[in-house]
Amino acid sequence: MTDLILLRHGETEWNRERRIQGLSDIPLNETGRRQAREAAARLKTELADAAPVVVVSSDLSRAVETATIISDALGVDPPREYPGLRERGYGEAEGALVAEVPAIFGSADRDRIPGAESAADLRHRAVQVLDQIERDAAVHSPGAVIVAVAHGALIAEVVRLASGGTLPRPGERIPNAAATRLTLGPEGIALAPESAEPLEMLAPPSGIHSANRA
């Protein structure tokens, strides 16, 4: 059994403006850096007796910077970057205000955005990369707790998989710098007790292993 903490990167200006980021490489803003430092302080306390700890991240700069702040605070190796942890690609919607998506594309359904990665493909990618991260950690740092810095849509899809589709609830999202705690094992991926910080409510817009592989 492997303990995994999936943590969303800190805030960017596009997050603040409620713009769709996707694969656009938008850096952290000062609020995001503060959020990363606060998350690092919480993890330092929580993981004080957990050795070893491995930090990994998406290769997008907002995730790498968040992960680097965390690894520095924990005194562990710099994060290894995994492109498979990237945010969902949103095709033609990247840069658009979230509230504008239904009017521009005729639907709030992200699967219907031209050029967007489908939710099914996102889930498959997430499972594949977490499986790889688990295998790499088992080779280089057996028994390690893994802290993986990723992105809101990917984390939400993992939570959806682990919860059997019950979470996140409609109108919820993963807040910036929030941690979601999971376990990886022979039966698949599961939410750990006290698995996540509170999800953020939004106003409505105007395998791992074979048991969970999809």
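The values are calculated or read from the model by the stated rules, or taken from the named source; none is laboratory data. Owing to the predicted nature of the structure, the values given are computational and were not obtained by experimental measurement. Cβ atoms come from the backbone with ideal geometry, glycine included; neighbour counts cover every protein chain shown.
Look through segment 94-106, keep the residues that are over 20 Å from Gly171 (Cβ atoms) and under 20 Å from the mean Cα position of the chain (by Cα), and return whichever of them is surrounded by the most Cβ atoms within 10 Å (Cβ to Cβ).
Among residues in segment 94-106 that are over 20 Å from Gly171 (Cβ atoms) and under 20 Å from the mean Cα position of the chain (by Cα), the one surrounded by the most Cβ atoms within 10 Å (Cβ to Cβ) is Glu94.
How many residues does segment 182-203 contain that are over 16 Å from the mean Cα position of the chain (by Cα), part of a loop (DSSP other than H, G, I, E, B) and either surrounded by 14 or more Cβ atoms within 10 Å (Cβ to Cβ) or at pLDDT below 50 (or both)?
Count: 3.
Ser57: polar (S, T, N, Q), buried (at least 21 other Cβ atoms within 10 Å of the Cβ) and under 23 Å from Ile26 (Cα atoms), yes or no? Before you say what the answer is, go through the steps one by one.
On the way: polar (S, T, N, Q): yes; buried (at least 21 other Cβ atoms within 10 Å of the Cβ): yes; under 23 Å from Ile26 (Cα atoms): yes.
In short, yes.
Filter segment 1-39 down to the residues that are in a loop (DSSP other than H, G, I, E, B) and among the β-branched types (Val, Ile, Thr) and list them by number.
Step one: of segment 1-39, the residues in a loop (DSSP other than H, G, I, E, B) are 1, 9-11, 18, 20-27, 29.
Scanning segment 1-39 gives Ile20, Ile26.
Looking at (1) modelled with pLDDT under 95; (2) among the β-branched types (Val, Ile, Thr); (3) surrounded by 22 or more Cβ atoms within 10 Å (Cβ to Cβ), which is the one condition that is false for Ile155?
That leaves (1) as the condition not met.
Please specify each residue of segment 107-117 satisfying the condition of being exposed (fewer than 13 other Cβ atoms within 10 Å of the Cβ) and part of a loop (DSSP other than H, G, I, E, B).
Ser107, Asp109, Pro114, Gly115
Could you look through segment 160-177, keep only residues that are in contact with a strand residue (DSSP E or B) (Cβ under 7 Å, 6 or more places away or on another chain) and on the phi > 0 side of the Ramachandran plot, and pick out the one that is surrounded by the most Cβ atoms within 10 Å (Cβ to Cβ)? Talk me through it step by step, then tell me what you get.
Step one: of segment 160-177, the residues in contact with a strand residue (DSSP E or B) (Cβ under 7 Å, 6 or more places away or on another chain) are 161-163, 171-177.
From what's left, on the phi > 0 side of the Ramachandran plot: 171, 177.
Numbers: Gly171: 11, Ala177: 26.
So, considering only residues that are in contact with a strand residue (DSSP E or B) (Cβ under 7 Å, 6 or more places away or on another chain) and on the phi > 0 side of the Ramachandran plot, the one surrounded by the most Cβ atoms within 10 Å (Cβ to Cβ) is Ala177.
Pick out the one residue from Ala51, Ala67, Ala73, Ala36 that is closer than 29 Å to Pro193 by Cβ and surrounded by fewer than 16 Cβ atoms within 10 Å (Cβ to Cβ). Please lay out each step first, then the result.
Details: Ala67 fails: surrounded by fewer than 16 Cβ atoms within 10 Å (Cβ to Cβ); Ala73 fails: surrounded by fewer than 16 Cβ atoms within 10 Å (Cβ to Cβ); Ala36 fails: surrounded by fewer than 16 Cβ atoms within 10 Å (Cβ to Cβ).
Sole residue among the options that is closer than 29 Å to Pro193 by Cβ and surrounded by fewer than 16 Cβ atoms within 10 Å (Cβ to Cβ): Ala51.
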